[in-house]
Every structure is written in C-alpha cells, then in structure tokens.
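Comments concern the structure below.
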Amino acid sequence: MPPLIESVVLQPLITPIDPGVGGRRERRIERRSFARIHDAIEVPRLIETQVNSFEWFKREGLRELFDEISPITDFTGKNLELHFRDYIFGEPRFSEFECRERDLTYAAPLRVNVELRILSTGEIKESELFLGDFPVMTDNGTFIYNGAERVVVSQLIRSPGVYFKDDKEPTSGRSLHSAKLIPNRGAWLEFETNKRDVVSVKVDRKRKIPVTILIRAILAWQADETGDGRWVPDNELEQHGHNEHVIEVLKHVDTVHEHPYTQATLDKDPSHNSREALMELYKRLRPGDPPTLENARSLLESLLFNPRRYDLAKVGRYKLNKNLWERDARRDGVSNSPSMNVRVLLPRDIIKIVEQIIHLNNGHGRADDIDHLGNRRVRTVGELIQQQFRVGLLRLERVVKERMSLQDPDGATPNGLINIRPVVAAMREFFGGSQLSQFMDQTNPLAELTNKRRLSALGPGGLSRDRAGFEVRDVHHSHYGRICPVETPEGPNIGLIGTMSTFSRVNEMGFLETPYRKVYNIVENAPVWLEKGLLLRDVRDLRTGDLIAAKGSRVDSAISRRIAIGLLRGQILREDITDPASSETIAETGTEINRTLAEKIVEMPIKTIKIRPIVSQEVDYLSADEEDRFVVVQANAAIDEHNRFVDNNVACRFGEDFVTERIDRVDYMDVSPKQVVSVSTALIPFLEHDDANRALMGSNMQRQAVPLLRPDAPIVGTGMEFRAARDSGQVVVARKSGQVLSATGDKILVEEDDGNEREYLLRKFMRSNQDTCINQRPNVLRGQRVEVGEVIADSSSTDFGELALGQNILVAYMPWEGGNFEDAILVSERLVREDIFTSIHIEKYEVEARDTKLGPEEITRDIPNVGQDSLRNLDEHGIIYVGAEVQPNDILVGKITPKGETDLTAEERLLRAIFGEKAREVKDSSLRVPNGVRGKVIDVKVFARSEGAELPVGVNQTVRVLLCQKRKISPGDKMAVRHPRCARRPSHRSLYRAHRSVP
C-alpha cells in the first residue's frame, strides 16, 4: 500500500543572526520532504469555517432577521408600525487582552436605526437604538465570554427537505414507502402507506388523516410562483376538491390496478369537497375547538403557507426541488421547479410528494439514505447564533406589541417601545448555557484547533446519545474527504462527534465539500464556457495549470480560437481526426498535437476532440450528492511527468462502490492522500501501517499532551506540523511584512512596509482553560525581516512555528527486569533530572469577602490564633505577594468571618467595653494552599466594589491568586505515543547500553 501521509525529516540549522546581540542565535528549521505524492493544492486555513460563518452572520444573517421581523405593528394594525433599518457594530470597549485579564466578555455594541410610523398622522420618528453588547469572534475563531475562551461547535443535522423511506411490511415483506417533509421552521408533514394501500399524513405529529383530505383542502389555495396565494371565494369552495379532481391529479402515477392507492384513500376520506376537507382537517388538528370555515382556512394557511410561521429556508427549497422536480427535468428536458426564493410550500409540492410515494410503491426509483452527507448539513456558528437571536427578537416583538397597545400613538417613541432585555438574555442563554457553546479545550494548540473543527450530531434539534442507533454512528462512504473516519471519541459519543477532514469546507447551503482535480478526456472545440461573450470560468493550460484566460473576461472569436488552441496543444489524441468535408484523416490515434495541428483542428466543424486523459490543475469542490455522479480516482494512482495516467485501468470510487475503470471514464482525482483524514490524524507518520483502532486512540491522545518546559519539534513529521500550529491561534503571526524594531519577552514591535508600527503583545504565563500554561516567546530578533503570515512568536507546544507535542528521545524495545511488564515504561533518570518531560501548570484560587447576617467578612493580615511565621509572605492587607513560594496549608489570602455570639460573660463585656469591636469573636476563613500543592505565586488580582469593580450581589471584595507549579514526570503519568496501547507507568531507573547511560 502506498504511503497515506508523507514523511518529512527535520534538519535543524544553527546560524548566527546578529553577532552583536549578546551571542543570541536563531535556529531555523528546514524540512526535507520524501513524499512520493505531493498535494495539488495548499491546505486551506483550518479555521475558515468558523471565521467565515460569523462574518456571514454580521453581514447577512442579521439583515435577514431584521427584514423578517420588520415591520412590527400593533394588534389592530392601524396605529403604529416599527421598521428596522440599517445596523452597525461598534468597536469593542475592551481589547481581547483586557477581557482575558479582567474576566470580561469581548463584545461590540450593536446599534440599529429604527423608524416608528404613526399611521393616523403619517408622522415618522427615527432613532438609533442600542441593542446591547454583542459577543464577537476573535481572529482565532473563539469567543471570550466572562474571561474564558469558548468555541461554538458546528452541528451536523438532517437537512430541511423531503426524505423518502422504505418501510417493509412485516408479514408480506412488501415495500411500503413513507415520506417526511422537514422545514427549517414550522410544522412537519409525515406521509405513510399502510398495507391496505391507504396513504395518510400526520400534520405536526398530530393525528393521522387520509392524505386526500389535505389534497382537497390545498386545491382551494391558489398560489402563484412567488409563494403568495389566496383562498377561492366561499361560494366556490364546494366546486373544488371533488373525487374526480383528486383522481385526475394522481392518475398518471397511480397505474397499478392491484394497488389503487388513490381510490383506497378516498374510501377512507369522509369529506367530498374543499369546504368539507377544511372543516375535517380543523376538527382533526384542533379537536377541542368549534370548527368554522374562517378558522380552518387561517389554520392551514399559517401552518404551511405563511412565511412568518413556515420557512423551508434556501437549503430546504434546494433539497425539495432536487428530490421532487429534477427527475422530471432530466426526463422531459424542461424544469418546472419553483424558484429558489420561494421558502413556503406550494400546493404542487405536496401533490408531488404524494405522486412520488405512489411511484416508489409501484417499484420505480429508490428511497433516500438518511445517513448520506447529501442529506445532512452543517449548522455553523453564524447560523446557530442567528437562530438564538431570532428567539430574542420574537420575544422583543411581543413586548413591543403590548407596549403599542398601552401607549398613546402620538406620544410613542422607538426607545419607549423597545426593551432590549429579551435579546440580551437570549444571547446570554446561548453563550453561557447551550450544549454547542463549549468551554474551549486549551490543553495544547492541537486540542484548540480540533475543538474548532469539531462536528456534533448532538444538541438542540439533533440526536440523543441514548437513542442514536448504529447506522448513524457508522462511517459512511459519503464521509470520504469530508469527515475523518478515524478521529471520534471512544465511549457513548462514538460516531456522534466527528472532525472535519483536512481539506473539507462548508458550502453556502451548509453541505460539506471536498476538493478534486478535474480529469479531462475531451477538449471542447466550441465556446461552451461562454455566455454573451463572457467567460464563465477560468481557462487554464491542462498540462502546466497556467492561466490562459480569467473568468469574466470578454472574449471575441479570435480570443476564443486562441483559447481552444492553447487547450489542445501538447495533448495526445485518443481517436483519429477526420476532415468531415473530404473524409481525409488529419491525425491518427496517439499523435501529439502541435500548434500547426491544433490550428487545423480548430478550423474544422468538430465539437469535441477525444484526448488521452490528463489530470489538470483545476480543482472543483464537490458535495457528497454531486460526487456520486462521478468516477473518482485516488491520489496514489500512477501519473507521468505530463500528468497522464501510466496505466490504462485504475482503481476508482463510484458512489459507494470501489471499481476498476478505464482511464477515459475517470472524471476526478483526489488532491492529496491526507484529504480523507483530519488534522490530528494527519500528524501521525506512516499512518497507512497503523491499525485503525490504534490510530483513533493516537489522534485523541495527542490532544491530551501537556505543554513541556522546552518544546522540541519532531524529527520525523508529516508536513502538517506548521499548518496545525499556525492556524491554532496560540502562536503570533505577522499581519503585514516588515522589519522587527524590537523583540522583548512581552512584546514585539514591527515597522511595516507602509511605514506604520505595529505592536504585538505576548501572553506571558497565562492560565489556559485546562490549567496548562500559555507562554508566548519571540522567535525573531531585532533587525530581522518578517513576511506576512510568518510565525513571529511561539507558544507552549510549538517550536519555531511547528507543533511540538513531545520530545525526541531514544527508545529501546527490550525487557528490563520486569519493570516494563506489559504496558509499563522505564525512563532514564536523566529525563527527570534535566526536566525533559517537565511541564508547568497554573491553578487559580479565589476568595470572596461577603456581607453575612452577622456582619461583613474582612480580608486582613490580623488573623486570630495564627503565628507570625505563617504570615511572613502576606502584605499589610493580608494578601500574598507575587513571587512567594508556598507549601500545603500556607495562607494565600487572610480572611476573617464574624462568629455567632452567645451571652457574654462579665469579663467579655469588660473587654468589649475597653477594646470595642476588636474583641468581637471572629473565625479564620483564610484561603489556604490545598494538600499536595506546591508552587510559586505568579499573579494576584484584587477587585473591590469600592474601586468600581462589578461584583455579584453581596460581594464586597474578590482576590484571585494564580499559583504556578513545575511538575516533573512521576510514576502513573501517561506517556502515550501516537499509536498507544494504554497509559504508561514510568519508573525512575537508568538504562545502560555498552556500560554507559542512554543519552
């Protein structure tokens, strides 16, 4: 089997950069690649899904919501109208750095221009409205919420649309099909067929009714192609929806006499026309309410045809058109599908679903595979926030309507009508409590990156881990290049939480796409890539990939001829070229086309020229359902230096099958061997020799590696180490090219090429969410030239811009007096002594001084029954100073709490009279170092209400202490390699080889 992941060997070069800077040296890392298969394209930015999605929300998602809710009218619709116009995000009040330091939320003020119209007078009142501080995404794809970094995980759910399922009848084994119509928002429609050939429907999971009742009712709704519609007049209702009308609608599919689905359903239908059907439908859906025609019409209209109550979304209409109307378009050559702008149901959509069910029951076509990625889509961060913001706006709408009914129209103002609390509360609810808003895994840069690329099938609107079956958890053929088949958690969430593959991306509809190189086996001798003289796509040389003409260029006949000649030159013919006029053979099979021959062919009236298949440099991103139509060859297929296949037959994928095909039938080729796996899995060298279960454990365990004191990039890598580190967000990347003016421990100053100076602040010994240490250090020197995108400061677990999760040490596979029995490991004492596997951990300790029933607590150095030796590290306020080394039970912050008092004795009353409050009994409630913890205090922060700090109710003062510990490797620590068996139990004993210690 050819190598799946290329192996790259690191060669460190030590070269002096600036001899005048105290002997400082810079080590540059040079990677030498031994890969036999090179990537056709660069790995994309690994967090672009998160960043692009939030940008879409700010640019378009909010606009959609305001358009959806606007205008808000009063209950009568005659007095007031409130319109939302433009909106703008201001600058965040605090920087990311300040928000992390002060436990604040990184948020920007959202302001909206609103317009209040008083309908009785025509007066318009305009105002700019503050809608609260909106949490905004950092450049690294995270949110800083209350000082902690959080990630909104993308959700993989069933796409809106219609899905057909094959339900086998248990006794006879006959295929009886059902359908589910799932909107983005609104009532579900569930169709099913029983063994007596009756087709029924459940509206919004209510009682089952014969589908002909629904068909009769919607035949009275007259909708145009924009989705707008109206009911037929009352006096004409009885003329619509008769049995003959229903039979006429379905007669061209209901053709099997043994199973007359239409007639069998009509026999169960108690109604006879549209009026009766509407009343019957209302009785079934609202059994307790008295049925009236007006109520029945408004109920059905609001359930299916009202855009404010029912929304298929763009993706729902796309899937509906694809499943219902494209088959007819391919058969008849004419598309009758509704416009993509129609986001409500049309009556013909429902009729088409019933036709399709009967069609499938008659043995034509096949049901949908619900686990196929063509039927599952990704709800990214922007869409999830949009959904929650919609909830807040709908609550706000209710408040506005109530206030409109209470206030005098002439005296009403936009600010008086709008209360922003529902919107602020909805966003707080989402970021603070949603299952998809997660505390970011910051153990190391890889853990951070993987958290941002995770796909979860759980969460609101998703699956439950208790009810999810085996099929939905299993690897599917459509996951290829989109979801990693290796990286998933072990345990109850297996298969429900996955990770995006290295090259995959999310398209505008929310479907996962993966890139493929286009394989050409014909050249078109006609301007099919033109429309009104404009190029529809880039045209590139098939051999070199050089651009011949750019998309959007205006092309005349001369340029069109030049493009065709450029495409033909250098190609090898796959069949003879014959002049249609003289029947003379111009060129034989196997001839390489030169310029003269190309010019001759272009002049001939031949539409297509068959050439020997060539793998071009053009890359197309395909979704899973698009890919099923093409034959795709893997990246390891042998090609020569001209990008032509060496063999005449190659191993390919077509749909869910692995087949061997002739090269002239191949449509696409993989761009890279690693496009099938995730970033974490792609970091494992020689993955193709690894067992899948071990690779799963390895890819998961890499995320658990704690940052070491001295990171060391791996000697043998896969080429992904640099990209993983750079896109993780933990390293500092130059935003523009320039020259380093100064590089100190806490900041780097760069003079950019445009003359501006940019300061990069470094994070020094900051605590991560998992108590590991984030410490950025510069890897550039004063006077050094830096380019845009270059890593200028390393973080924990990175070494000169490359991921460095472990150490390069010598390993011996041998027994050693039983000390390494089974999965135990013995390590050299030198590894412990020289801190090779030593890590830094930072823990946070916090104490609050509150108001109690017996009086306020006090932070002080005056603690009862405590000797001076215990107070040696405390300042005059009773707070430990930075730099103090502490042991278990040492005092970090001195605090006293009033004690409940019993009746005082005469002596106690005398003491109280002499010394006043000082004699009052208090107890020691100081913050102390827990057992087993030793370390150094690296930071102390004091927040006091008297100094303007925002603290919870009842809290007067808060003191936060950060304690840094250096932990050496000890027995019981896990030393997992990238193909682990289990936890490792190191023993501190030296190994010897040839009478000397292992280096």
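We did not get these values from a lab; they are worked out from the coordinates using the rules stated. On a predicted model such as this, the values are computed, not experimentally measured, just so you know. Backbone-built Cβ (ideal geometry, glycine too); neighbour counts: all protein chains shown.
Rg/Rh for the range 587-662 stands at 1.04; both radii use Cα atoms, and Rh follows the Kirkwood definition.
Working note: Debye formula, equal point scatterers on the alpha-carbon atoms of the chain, no solvent; log10 I(q)/I(0) at q = 0.09, 0.10 Å⁻¹ is -1.26, -1.40.
With q set to 0.11 Å⁻¹, the log10 of I(q)/I(0) for the range 775-839, from the Debye formula over equal scatterers at the Cα positions, is -0.46. Taken about its Cα centre, the chain carries a charge dipole of roughly 1660 debye when the Cβ of each Lys and Arg holds +1 and the Cβ of each Asp and Glu holds -1. Calculated mean residue ellipticity at 222 nm for the chain: -6000 deg cm²/dmol, from DSSP H runs with n ≥ 4 weighted as -39500 (n - 2.57), summed, divided by the residue count and rounded to 500. Here the residues 522, 88, ranked from fewest to most Cβ neighbours within 10 Å of their Cβ, fall in the order 88, 522. Among 266, 203, 214, which residue has its Cα positioned farthest towards the positive end of the charge dipole of the range 161-373, with +1 placed on the Cβ of Lys and Arg, -1 on the Cβ of Asp and Glu, and the dipole taken about the Cα centre? My answer, from the dipole projection, is 203.
Between residue 709 and residue 921, the modelled label-to-label distance comes to 5.0 nm, taking each label 7 Å out from Cα in the direction of the beta carbon.
Placing R0 at 41 angstrom, the Cβ-Cβ distance between residue 907 and residue 934 gives a FRET efficiency of 0.45 after rounding to 0.05.
Can you sort 449, 406, 854, 250 so the residue with the fewest Cβ neighbours within 10 Å comes first? Walk me through the numbers before you get to the answer.
Numbers: 449 29, 406 9, 854 14, 250 21.
Least to most surrounded, the residues fall as 406, 854, 250, 449.
Using DSSP to define loop residues, name the trypsin sites (Lys or Arg not before Pro) in the range 536-572 whose beta-carbon has at most 13 other beta-carbon atoms within 10 Å. Present the calculation step by step, with values, prior to reporting the outcome.
Details: sites: 537, 540, 543, 551, 554, 561, 562, 569; in loops: 537, 543, 551, 569.
Sites meeting the loop and neighbour criteria: 537, 551.
The simple spin-label model puts a point 7 Å past each Cα toward its Cβ; for residue 364 and residue 111 those points are separated by 6.2 nm. Across every direction, the projection of the convex hull enclosing the Cα atoms of the range 839-967 has a mean area of 9.5 nm².
Residues within the reach of a label modelled at residue 120 (point 7 angstrom out along Cα to beta-carbon, backbone nitrogen below 18 Å), restricted to the range 404-448, are 404-414, 417. As a proxy for reagent exposure, ranking 483, 914, 563 by other Cβ atoms within 10 Å from fewest up yields 914, 563, 483.
With both bridge residues required to lie in the chain, what share of the DSSP beta bridges run antiparallel, to the nearest 5%? Before the final figure, lay out the partial values.
On the way: 161 of 168 bridges.
Around 95 percent of the beta bridges assigned by DSSP in the chain are antiparallel ones.
The distance between label points at residue 410 and residue 764 comes to 6.6 nm (points 7 Å beyond Cα on the Cα→Cβ vector).
Checking the Cα-Cα distances for 923/966; 195/283; 180/452 against a 28 Å cut-off, the pairs over it are 923/966; 180/452.
How large, in Å, is the range 137-281 by the Kirkwood hydrodynamic radius built from its alpha-carbon pairs?
Numbers: mean 1/r = 0.0546 Å⁻¹.
This gives a value of 18.3 Å.
Rounded to whole Å, the principal axis extents of the Cα atoms in the range 161-373 read 43, 38, 31, largest first. Overall size of the range 352-452 from C-alpha positions, given as principal axis extents largest first: 67, 53, 16 Å. The range 807-858 and the range 229-246 have Cα centres separated by 78 Å. Using the Cβ-Cβ distance between residue 293 and residue 239 with R0 set to 22 Å, the FRET efficiency from 1/(1 + (r/R0)^6) comes to roughly 0.90.
Considering the convex hull of the alpha carbon atoms of the range 35-146, report its projected area averaged over all viewing directions, in nm², one decimal. Mind showing how you got there, number by number?
Numbers: hull surface 45.5 nm².
That works out to 11.4 nm², a quarter of the Cα hull's surface.
Pairs of Cα atoms nearer than 8 Å and 6+ residues apart set the relative contact order; for the chain it is 10 percent.
Extension gain, residue 966 to residue 777, is 66.2 nm, computed as 0.36 nm per intervening residue step minus the present C-alpha separation. At an R0 of 25 angstrom, the distance between the Cβ atoms of residue 263 and residue 167 translates into a FRET efficiency of 0.70.
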